[in-house]
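Written below as structure tokens is the structure these notes are about.
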Amino acid sequence: MKGLFISFEGTDGSGKTSVIKEVERYLRLEGIDVVTTREPGGVSISEQVRNVIHDNNNTDMDAVCEALLYAAARRQHLVQKVVPLLKEGKVVLCDRYVDSSLAYQGYARGLGIDLVKGINDYATGGMYPDLTIYLDVRPEIGIQRIMTHTQTHEVNRMDNESIEFHKKTHEGYELLVKMFPERIKPVDGERTIKEVAIDAFKLIKEKINSVKNEQ
């Protein structure tokens with residue numbers, strides 16, 4: 001089977017990282033060759049950019065600068081890690097991808113979804129996931145989760161944004177679900193990790209079977 005690129009999206013505190021770990025376990029039990037990664041990050045250069053973006057001291061970062069840094073980190077991660085893995089036939093589970101930039105910088109920061117999409121289309125060569133799983137969690141719930149788990153969760157500059165910003169990000173994601181219904185599949189993220197992971201796993205299995213039938 002050819003490689004499959006799966007991204008996981010959601011507002012801060014949506015549980016993506018925990019759900020991805022569980023989904024990875026389910027896929028391995030099925031004998032599927034899977035690799036997990038994250039954005040921004042995944043490779044050394046992109047992790048360094050991540051540190052700059054997320055640094056709580058960088059509160060005066062300009063919105064355009066922020067968008068460009070995310071796109072730069074994404075480019076390096078894509079060409080150095082994701083594309084080679086896909087060529088090897090791996091299933092790649094990525095914690096965030098372009099849709100994060102569209103929701104956060106494009107919509108919540110007010111730069112415009114089209115503008116940020118253009119920046120990222122250039123950075124990625126127009127490459128999008130085969131499937132995007134959106135964990136839908138109300139912003140209030142997500143922030144509450146973060147504050148409850150500060151000892152295990154990296155509370156970064158983005159987490160510390162106002163509740164109004166997180167609400168705008170959630171609105172941005174809801175808009176993206178409507179814009180790209182064939183690719184972005186929403187999952188109720190306000191349940192247990194296991195329940196959410198099972199639904200995500202089912203969506204991925206459906207996609208894998210669909211790809212196999214096309215070959």
Single residue of Arg138, Arg157, Arg109, Arg96 found to be basic (Lys, Arg) and on the phi > 0 side of the Ramachandran plot: Arg96
Whichever residue in region 188-215 is crowded, with 19+ Cβ neighbours inside 10 Å and of a type in the set (Gly, Ala, Ser) and, among such residues, is nearest to Lys90 (Cα to Cα): Ala200
Pair list, Cβ < 6 Å and 6+ apart or interchain, from region 83-101 residues that are within 16 Å of Thr132 (Cα to Cα) and free of Cβ contacts under 8 Å to residues at least 24 places away in the same chain to residues that are among the aliphatic types (A, V, I, L, M) and surrounded by fewer than 24 Cβ atoms within 10 Å (Cβ to Cβ): none
Some residue of region 115-124 being more than 22 Å from Thr37 (Cα to Cα), within 16 Å of the chain's Cα centre (by Cα) and outside any loop (DSSP other than H, G, I, E, B): yes
Test: residue in region 126-146 that is exposed (fewer than 13 other Cβ atoms within 10 Å of the Cβ) and modelled with pLDDT of 95 or more: yes
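The values are calculated or read from the model by the stated rules, or taken from the named source; none is laboratory data. Please read all numbers here as calculations on a predicted model, not as lab measurements. So basically every Cβ, Gly included, is an ideal-geometry build from the backbone, and we count neighbours across all protein chains shown.
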